[in-house]
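Bear in mind these aren't lab numbers, they're just calculated from the coordinates by the rules spelled out. Everything quoted here is computed from the prediction, not taken from an experiment. Heads up, the Cβs are rebuilt from the backbone with ideal geometry, glycines too, and the neighbour counts pull from every protein chain shown.
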Amino acid sequence: MPTIDFSFFTWANISNYLLSGLYFSVSLTIAATIGGIALGTIIALMRLSNIRPLEYIATIYVDLMRSIPLVMVILWFFLLMPSGFYDLFPGGIGNKYRAEICALITFVVFEAAFFSEIVRAGIQSLARGQTAAGYALGMTYGQNMRYIVLPQALRNMLPVFLTQTIVLFQDTSLVYAIGAYDILKGFEIMGNTFGRRIESYLLAAVVYFVICFSMSLLVKRLNQKIRIVR
């Protein structure tokens with residue numbers, strides 16, 4: 001049975017192998033969350049509209065994305081995205097960071113389907129009298145959503161948003177499939193460099209657990225505060 005040795009896990013090695021990967025994983029999570037919520041809100045409003053074509057397009061989009069494994073979507077974007085797309089970025093950045101750009105686009109597009117369902121459920125959780133009151137004041141559909149519905153629904157959606165963000169952070173490890181340098185990739189390279197792959201993957205699991213468990217506690221406390229306000 002191989003001996004377990006964590007002596008290689010020093011601050012110097014953490015700085016050299018892990019910090020850049022952690023920065024990318026966190027940055028990807030934040031950017032994909034913001035982009036996913038923005039796009040997901042648009043999709044949710046399309047599904048809730050009375051315009052049939054928009055409703056059908058949004059429904060097909062959500063059902064499609066929620067029925068396909070994320071790793072397949074990542075590979076599709078990475079392999080099928082035309083090379084000319086990356087040439088649009090100045091200074092050769094697109095080709096240099098092809099995997100990272102592909103990962104960001106994929107996560108925004110994919111997570112938007114899940115965030116849209118959260119937004120749709122949050123909007124539908126409000127009493128219909130709220131919307132009727134807005135229309136009675138002469139507001140348009142857009143004004144009603146902007147000033148009355150969405151601000152109130154956001155409070156109901158916030159804990160679920162954060163929970164989905166935790167899942168998103170865990171899913172960022174899948175960019176490993178296209179060679180992006182995330183935190184899991186950093187652990188793999190460090191383990192291979194020092195011949196300690198088992199210990200490296202164990203430490204990776206611990207880091208993911210600590211981050212995700214801490215965020216889960218934050219969501220739990222936030223949810224309790226929201227219940228008190230209600």
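FRET efficiency for the L79 to I42 pair, using the beta carbon distance and R₀ = 25 Å, is estimated at 0.40. When the Cα positions of I148, I178, S200 are compared along the charge dipole of region 144-204, I148 comes out farthest toward the positive end, with charges on each C-beta of Lys, Arg, Asp and Glu.
For the chain, relative contact order (Cα pairs under 8 Å, six or more residues apart, normalised by length) works out to 30 percent.
In this simple spin-label model, placing a label point 7 Å from the Cα along the Cα-to-Cβ direction at both L126 and F194 gives a separation of 5.3 nm. Per residue, the average separation of C-alpha pairs within less than 8 Å and at least 6 apart gives region 127-230 a relative contact order of 23 percent.
Measuring between their Cα centroids, region 157-194 and region 1-30 lie 12 Å from each other.
Under 1.5 on a/c is rounded, so check that first for region 140-230, then, if it is not, pick prolate when a/b is larger than b/c and oblate when it is not; a ≥ b ≥ c are the square roots of the alpha carbon gyration tensor eigenvalues. Oblate is the answer for region 140-230, as a/c is 1.5 or above yet b/c matches or exceeds a/b. Legend: helices of the chain (whole DSSP H runs) are marked when their alpha-carbon atoms reach 24 angstrom or more along the helix axis and their mean Kyte-Doolittle hydropathy is at least 0.0; marked are 19-48, 98-124, 150-171, 197-229. Computed FRET efficiency, Cβ-Cβ of T3 and M215, R0 25 Å: what is it to the nearest 0.05? Between T3 and M215 the formula returns 0.15. The residues neighbouring F8, those whose beta-carbon lies less than 14 Å from its own, together hold a net charge of -1 under the Lys/Arg +1, Asp/Glu -1 convention.
Per-residue ellipticity at 222 nm from helix content only, as computed over the chain with -39500 (n - 2.57) for each DSSP H run of at least four residues, stands at -24500 deg cm²/dmol.
Determine the gain in length on full extension of the stretch N223-L64; use 0.36 nm per residue of separation and subtract their C-alpha separation, reporting nm with one decimal.
The span from N223 to L64 would gain 54.2 nm if fully extended.
Could you size up the charge dipole of region 11-229 around its Cα centre, putting +1 on the beta carbon of Lys and Arg and -1 on that of Asp and Glu, and report it in debye to the nearest 20?
I would put it at about 660 debye.
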